[in-house]
Amino acid sequence: MTGSNGPPKKREIGQFRFSIVGGILACPPTDDSLITELRRLANIQWLHPVTKEHRTYSVGTIERWFYIARKARDPVDALCSIPRRDRGLSKMVTETVKSLICDQYQRHPDWTKSLHHSNLKVLMHKDPSLGKCPSYSTLRRHMNSEGMKRQPRPKKETPGRQLARDRLNSREVRSFEMEYVSSLWHLDFHHGSRQILNSKGQWEKPICLAIHDDHSRLCCHIQWYLSESCENLVHGLSQAFLKRGLPRSLMTDNGSAMKADEFTQGLSRLGVIHDPCLPYSPYQNGKTERFWAILESRLMPMLPNDKDLDLRELNKFTISWAEMGYNKETNRETGQPPLDRFISSQDVSRPSPNPEALKEAFRGRITRRQRSSDGTVTVHGRRYEIPYAYRHFESLLMHIAKWDPSFVHLVDPDTDKLMARLWPVDNQGNSDGLRRATGNDRLPMPVPDPEAAPLLQKYLEDFAATGMPLPYIPQNETQES
């Protein structure tokens, strides 16, 4: 029994039926007058609560409701509709058909249900022993009940993608929220839908970097770049640290910039836990994905239609919208503006270091062997001079960022402390012939020793004490005149 307002409500059906027989239960009639009362009720037009239609019920139906309600402790619950025993089952979907559908879905998860039905129809028509093909609606209900949802066709099937798909099919997905501000930040890049004109006169689609706080949904920093590089990632994240402080953990995807040594080493030195998403599982960073939808629907349509929109103008509009619009508008999930929730909630962040300390932190660790001839090392195609105090080191540990070869430091491998800054070799400056004193002039000059070493003298004395001749045969040791 269904109506235009959707499936029947079980409790409303029970209350409706009880309202029909409730009068008989309140004033029980005699055996002779019971049939008369039932006939009277059968002639009344009753308004059904679901279909909103007036209808009558037979004497037998009302009598059955009367006896059910009289015997039950909860008459309303007893008069509710009883689900059919075969509910959810289909005679057309046999075990053979289930196996065919499951096998076809595993091989083609990107097919629509209509395409699955068309192929199943052809397959069962070729082999009549498989039975009769179920209807499309029956097939669709069965696939929905088994969770066989359509999945997009992967660009390239890899073991990691297969593992992620199997995990998603076997594990439930739940939303989450951290309890405190700055317990977890989310970071992600997004390819914009608007082209801009770069300084070379070329059209490019910029990439947006956004960092969000999980608890408050606050946009800590947002900026457009022309590439998804580690340099741009560190540039944007450092600004977020300076504005909002250091979070306890940071969630990112598994892009090449997020796995770069400079980025991971920087987070480790700053005490920020790097919590990357599982491979091929973007739903784990769903709060940022939701932000991209807001950005594309709210900000991008408001941008001017001028074709000379450049990166500077785009960043100006975007940061103004994020700080004055998004951060101050009520979030539909939290019921508060992100900025208000960020300020009023308990904060577990730490003060951010100064820009120079952040620059020192986001650098990779590399090891090089020192050239003993001139005391230099080669890093990324450039030669650096080693201070003379460290010329005795064979293996050197250094901190350097690939995008900034001018900022290199020699590091203590035991404590990871900076010992000295390294400078590129200045060949033109070295050509003047001036050299600093090394300090070796204070050491005594070596004097040749005309006598044999004491140990060798002892060996001769010990052998002579044995009384044995030297065990060798001289050959022409005397010179002829």
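The values are calculated or read from the model by the stated rules, or taken from the named source; none is laboratory data. Here the structure is a predicted model, which means the values were calculated and not measured. Glycine gets a Cβ as well: all are built from the backbone with ideal geometry, and neighbour counts include every protein chain shown. Ligands, DNA and RNA are stripped out before the accessible areas are found, and what is left, the full protein with its side chains, is counted by its heavy atoms. Shrake-Rupley method; radii C 1.70, N 1.55, O 1.52, S 1.80 Å.
At-a-glance table
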| item | result |
| --- | --- |
| Fully extended contour minus Cα-Cα distance, from S227 to S256, at 0.36 nm per residue | 9.2 nm |
| Cross-link partners of K71 among lysines (Cα-Cα below 20 Å; sequence separation of 8 or more within a chain) | K10 |
| Within straight-line cross-link reach of K98, aspartates and glutamates at Cα separation under 15 Å, skipping those fewer than 8 residues along the same chain | E146 |
| Area of R11 that stays accessible when all protein chains are in place (1.4 Å probe, Å², to 10) | 110 |
| Phi-based couplings in Hz for the range 343-356 (Karplus 6.51, -1.76, 1.60; Gly and Pro marked x) | 7, 7, 7, 5, 10, 10, 6, 10, x, 7, x, 6, x, 5 |
| Summed side-chain charge close to L197 - residues other than L197 whose Cβ falls under 12 Å, Lys, Arg +1, Asp, Glu -1 | 0 |
| Sequence ranges 369-379, 261-271, ranked by mean other-Cβ count within 10 angstrom, highest first | 261-271, 369-379 |
| Gain upon complete extension [K10, H48; 0.36 nm per residue less C-alpha separation] | 12.4 nm |
| Eligible lysines near K417 by straight Cα distance, threshold 30 Å, same-chain separation 8 or greater | K243, K259, K359, K402 |
